[in-house]
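K.L.:
Have a look at the structure that comes next, please.
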Amino acid sequence: MQDEGGTKFWGQDAICRMMEGGDWDDSILGPPSTWPLCLRSAVDIMLPAMAQIVIWGPDLVALYNEPYAPTIGQRHPKAFGRPARENWAELWDDLEPLLRRVMETGETVAAKDRPFYIERYGYPETVYFDISYSAIRDEYGAVRGVFCIVNETTDRIRADQALQASEERLRAVISQSAAGIGQGSLEGKILHVNRRFCEIVGYDEGELLGKNIADITYADDVPEQTRLFSRLAATGESFDMEKRYVRQDGSLVWVNNTVSALRNDQGKIHQVAVISVEITERKQAQETERRLASIIASSNDAILAIDLDMTITAWNGGAEQLYGYTAEEIVGQSVLVLVPKDRRDEEPALLEQIKAGSVIEAYETRRRRKDGRLVDILLSVSPVYDRAGKIIGASKTAHDISSKKEADRLQAVLIGELHHRVKNVFATVMAIARQTFAKATDTQDAVAAFEARLSAMAHAHDLLAEGDWQSADLTAVVEQAAAPYPPERFTISGPSVLLPQKAVATLSLALHELGTNAAKYGALSVPTGRVSIVWTFNSETSALSLRWQESHGPNVDIPTKKGFVSRLVERLLAAELNGTSTIVYDAAGVVCEIEAVLLPHVTR
């Protein structure tokens, strides 16, 4: 490149073009064509160089090349051709003595990684340079300027400082030995370990050194470890990894590894540092928490959580089943949506106890479902703590006791029914006893008759017990009454009819008495005698007709007075069946006819 005066400079960069075009302040130095030979020669050397600057003359005017321009930041290009003190004011007290020393003595000043305070981008910073300041002499040997060769080393110094700080931190961690510390190559070879690391993996230091980290890593964790190591080697990016080591005894130990790059003096990553913290207990706790969460999620009991504002924060499947709300519908709402209006004061009172750290033992209460129905529950409440031990809410477990409540209600009904029936049974027994013993002349026969009648009643109750205690089938009642006798002596025919509870015992007793009399005096007292028990039933009118008829027995004499069977059939049986019943002592055989209208049985 050549200026207007014919001075030629070698270079094609922006500064060369600026000098060629005169686009700089030459008011102090004048155009290059007027410069002394020593200055032009120095500039010829400077322009194609990588990092050089010339400071010239008594005013220390700055001339520099293109590679140097970035090192002065925003001061380029106004600093070109101007006295150094104008643009290096903040470091002039530091820089001027160096330049004056060269100018005045002609000696060379050199330093490596010399710090300078500068504000080249508008903010203060300390930068570092390798410098070599030497004299520029004219043809008479006089010092006319300073030729400065500089190379900024700020990035390397900062990298070295970061590396040194990292190593210091590493040494501090190692000295504390609260965690396992290791150092290895980028290929995974173990180079150094501390005592705690040996304890974690179960090896002696001598056994570990030289091994590859993959040799003691659980096989399933090796691929991810390899991937992260490769990324660290390529980028220097540290990483954390939860993994498992295989101890010398074959057991597994969980660790959290923090792996960082170690750099050499040239700033190149050449090794890694590993900090291993055993987390086996935490992993076990997490697994326990996972199992508990699974239990909660699958529990049939309703389990929910609230915060101290009574807002629902958690909701399991059991709660959805009990209350009818899905988690999406209810989480975030107030728990009061589940509380009936007459129990609104219950929740705030519970919360005050929870805030005091109390556990609410299970108690019976009621809550409202999504469909508006009330449900009886057994509710228990416990505080929920954060990691710092502060109460942050409550856990509520509700067990549906609707079935229990219904069972209790039914039990009360049954007990009442039992009381009623026992009274009725006692009344019936007393009536039978009076009728049996009142006019008895033979005590032994009376006792036998009384026992037989009680047995008939017991059999009737057996039939009721087989059902719902409210009714029994007429066929079963008749067959049971005929059971003590040869089956070929009976003809039994009729449809299935349910007799109400009161009629079962009375009819059973009546059939028993008819059978007993037939065995003593009637058709069943001779081998040829027969008994026919036939009935019909009109389902539309609920009318029942039953006929007991004896045949082929001895002639029947009309009794001179009514006995137990006559009174039982004609009075009690008619009353219990809501109809009429008669007994005819026909010479060919006794006939008993019963006409009744069966009413639906009603549970007491």
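The values are calculated or read from the model by the stated rules, or taken from the named source; none is laboratory data. All values derive from a computational prediction rather than experimental measurement. No Cβ is skipped: glycine too gets one built from the backbone with ideal geometry, and neighbour counts run over all protein chains shown. For the accessible areas, the whole protein counts, side chains as well, though only heavy atoms, and no ligand, DNA or RNA atoms are used. Shrake-Rupley method; radii C 1.70, N 1.55, O 1.52, S 1.80 Å.
K.L.:
Show which aspartates and glutamates lie in cross-link reach of Lys520 when reach means a straight Cα distance below 17 angstrom and same-chain residues fewer than eight apart are skipped.
P.N.:
Within reach: Asp442, Asp445, Glu451, Glu550, Asp557, Asp586.
K.L.:
Checking the a/c ratio against 1.5 first, then a/b against b/c, what shape does the Cα gyration tensor give for segment 14-158?
P.N.:
It comes out oblate by the Cα gyration axes.
K.L.:
How long, wide and thick is segment 192-340, going by the Cα atoms along their three principal axes, in whole angstroms, largest first?
P.N.:
74, 38, 26
K.L.:
Express in whole angstrom the spacing between the alpha-carbon centres of segment 27-68 and segment 468-493.
P.N.:
Taking the Cα centre of segment 468-493 as reference, the centre of segment 27-68 is 137 Å away.
K.L.:
Rounded if a/c is under 1.5, else prolate if a/b beats b/c, else oblate: with a ≥ b ≥ c from the C-alpha gyration tensor eigenvalues square-rooted, which is segment 29-68?
P.N.:
oblate
K.L.:
A further question on this structure: Given a cut-off of 23 Å, name the pairs among Lys355/Lys404; Lys189/Lys243; Lys370/Lys390; Lys405/Lys502; Lys370/Lys404; Lys112/Lys268 whose C-alpha atoms lie farther apart than that in the structure shown.
P.N.:
Those over the limit are Lys355/Lys404; Lys370/Lys390; Lys405/Lys502.
K.L.:
Continuing with the same structure: Given a 1.4 angstrom probe, I'd like the percentage of the accessible area of segment 288-399 that is carbon and sulfur, rounded to a whole number.
P.N.:
Looking at segment 288-399 in its full context, I get 50 percent from C and S.
K.L.:
I would also like to ask the following. Cα-based Rg (one decimal) and Dmax (whole number) for segment 288-399, in Å?
P.N.:
Reported Rg and Dmax, both Å: 13.3, 40.
K.L.:
Just to confirm my numbers, what's the Cα centroid distance between segment 121-136 and segment 203-226 in Å?
P.N.:
For segment 121-136 versus segment 203-226, the Cα centre distance is 48 Å.
K.L.:
Report the local net charge at Ile190: Lys and Arg +1, Asp and Glu -1, summed over other residues whose C-beta lies under 14 Å from its C-beta.
P.N.:
So the surrounding residues net to -3.
K.L.:
Another question, if that's okay. Before I look further, what does segment 14-158 give for accessible area per residue, probe 1.4 Å, in whole square angstrom?
P.N.:
That works out to 47 Å² for each residue.
K.L.:
Something else about it: In segment 121-215, which GluC sites (Glu not before Pro) are in a loop and have at most 16 other Cβ atoms within 10 Å, using DSSP for the loop call?
P.N.:
Qualifying residues, ordered by number: Glu139, Glu187.
K.L.:
While we're here: In segment 73-172, which chymotrypsin sites (Phe, Trp or Tyr not before Pro) are in a loop and have at most 13 other Cβ atoms within 10 Å, using DSSP for the loop call?
P.N.:
Answer in residue order: Tyr121, Tyr140.
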